[in-house]
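Here's the structure we're looking at; comments come further down.
The values are calculated or read from the model by the stated rules, or taken from the named source; none is laboratory data. Keep in mind the model is a prediction, meaning the values are calculated, not measured. We place every Cβ from the backbone using ideal geometry, glycine too, and count neighbours over all the protein chains shown.
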Amino acid sequence: MMIKNILNLRYGIQEEYIVDNKLSEISNNKNIISLKDLKEKNIDDMIILLTSDMNNIYSEIRKQLMEVVDIEKIVDVFSYSVYFDKDMYYNVTDFKDDPRLMALESAAREIYYNHVDGAIAECGVYQGGFANYMSRFMPDRKLYLFDTFSGFDDRDITPQEQIDSGRFRREHMHDDTSVELTLSNIGYCTNAVVRKGYFPDTAIGLEEEKFAFVSLDTDLYKPILAGLEFFWPRLNPGGYIFVDDFRHPLLLGVRKAVIEFCKREGIGYMSLPDGTDATAVISKPL
Ligand SMILES: C[S@@+](CC[C@H](N)C(=O)[O-])C[C@H]1O[C@@H](n2cnc3c(N)ncnc32)[C@H](O)[C@@H]1O
């Protein structure tokens with residue numbers, strides 16, 4: 001009602017329909033229709049404002065809506081709202097406490113200002129903490145989620161990493177997750193495409209895909225390097241790659257992979273001031 005009043009009273013914009021399944025059953029107002037009725041209407045010249053602020057059913061409404069209309073027609077009024085802060089282990093209700101999340105929001109803004117097309121992806125998703133923010137800040141994008149969903153793979157652990165990352169891996173097994181749990185933590189999970197299994201094997205078939213934003217958060221040298229090698233050539237001009245744990249004291253392979261790749265490809269990076277772990281940000285020239 002708030003959105004309706006602002007449109008009607010302040011801007012003189014009258015809605016064509018109010019779509020509400022329950023209300024349509026009890027109201028005599030012909031403009032209040034159900035989602036089923038919307039299918040029969042000609043809505044070529046219209047946009048749909050999705051104004052529900054109820055986190056628990058938001059994804060479901062959006063999913064149903066997308067069966068009826070194109071995703072471009074949906075405007076997510078609450079996409080920047082606290083309703084999508086899942087309050088997971090970041091333990092913040094406002095992302096402005098976290099430099100990495102603030103940088104993500106800035107990167108998302110630049111992506112939209114510069115009209116950078118493409119999907120978004122995270123490689124190393126765990127329970128979806130960061131991916132939820134990616135989905136929140138770039139709600140219209142296809143979101144690829146790459147993870148074993150059962151923790152690290154022995155094939156990735158080099159003898160040196162065995163020593164360097166041993167304590168980290170003992171403390172963070174990352175096997176207490178599942179696809180279902182992860183999707184339930186992601187605001188716009190209807191856009192998500194899950195690629196479960198060992199990366200880079202799980203990227204097979206996506207060679208033609210283009211990306212606007214990628215988060216690499218797999219902790220180890222091999223999958224980080226493999227991520228840079230797969231995503232960099234497929235990153236659109238103006239796109240970003242964030243590599244988490246760039247300066248993590250126990251995950252020395254992350255920095256090694258980034259430096260090696262940047263030198264080889266002649267590209268620059270910037271490290272974020274987000275604690276001792278630090279995130280490396282790589283961007284593609286416009
Ligand atoms: C630090 S966690 C990711 C944290 C996550 N980004 C978040 O926001 O909470 C690292 C994840 O990388 C995954 N991973 C590591 N190597 C992988 C590989 N080769 N293929 C797929 N997933 C991998 C692990 O299963 C683990 O869930």
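Tabulated data
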read-out: Number of positions in segment 149-181 that are buried (at least 20 other Cβ atoms within 10 Å of the Cβ) and touching a strand residue (DSSP E or B) at 6+ places or on another chain (Cβ under 7 Å); value: 1
read-out: Conditions (1) within 16 Å of the ligand (Cβ to nearest atom); (2) surrounded by fewer than 21 Cβ atoms within 10 Å (Cβ to Cβ); (3) of a type outside the set (S, T, N, Q); number of the one not met by residue 138; value: (2)
read-out: Matching residues in segment 116-156 - criterion: being under 8 Å from the mean Cα position of the chain (by Cα), in a loop (DSSP other than H, G, I, E, B) and more than 21 Å from residue 230 (Cβ to Cβ); value: 139
read-out: Matching entry among 187, 266, 151 (being over 24 Å from residue 283 (Cα atoms) and free of Cβ contacts under 8 Å to residues at least 60 places away in the same chain); value: 151
read-out: Qualifying positions in segment 207-223 - under 18 Å from the mean Cα position of the chain (by Cα) and either within 13 Å of the ligand (Cβ to nearest atom) or buried (at least 18 other Cβ atoms within 10 Å of the Cβ) (or both); value: 211, 212, 213, 214, 215, 216, 217, 218
read-out: Any hit, segment 226-237, residues being surrounded by fewer than 19 Cβ atoms within 10 Å (Cβ to Cβ), in a strand (DSSP E or B) and either without any contact (Cβ under 8 Å) to a residue 12 or more places away in the chain or in contact with a Leu (Cβ under 8 Å, 6 or more places away or on another chain) (or both); value: yes
read-out: Residue that is nearest to the ligand (Cβ to nearest atom) [pool: residues in segment 157-174 that are assigned to a loop (DSSP other than H, G, I, E, B) and closer than 19 Å to residue 128 by Cα]; value: 174
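Here is a yes/no grid of residues against (1) crowded, with 19+ Cβ neighbours inside 10 Å; (2) charged (D, E, K, R); (3) at pLDDT 95 or above:
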position: 89; (1), (2), (3): no, no, no
position: 113; (1), (2), (3): no, no, no
position: 126; (1), (2), (3): yes, no, yes
position: 132; (1), (2), (3): yes, no, no
position: 145; (1), (2), (3): yes, no, yes
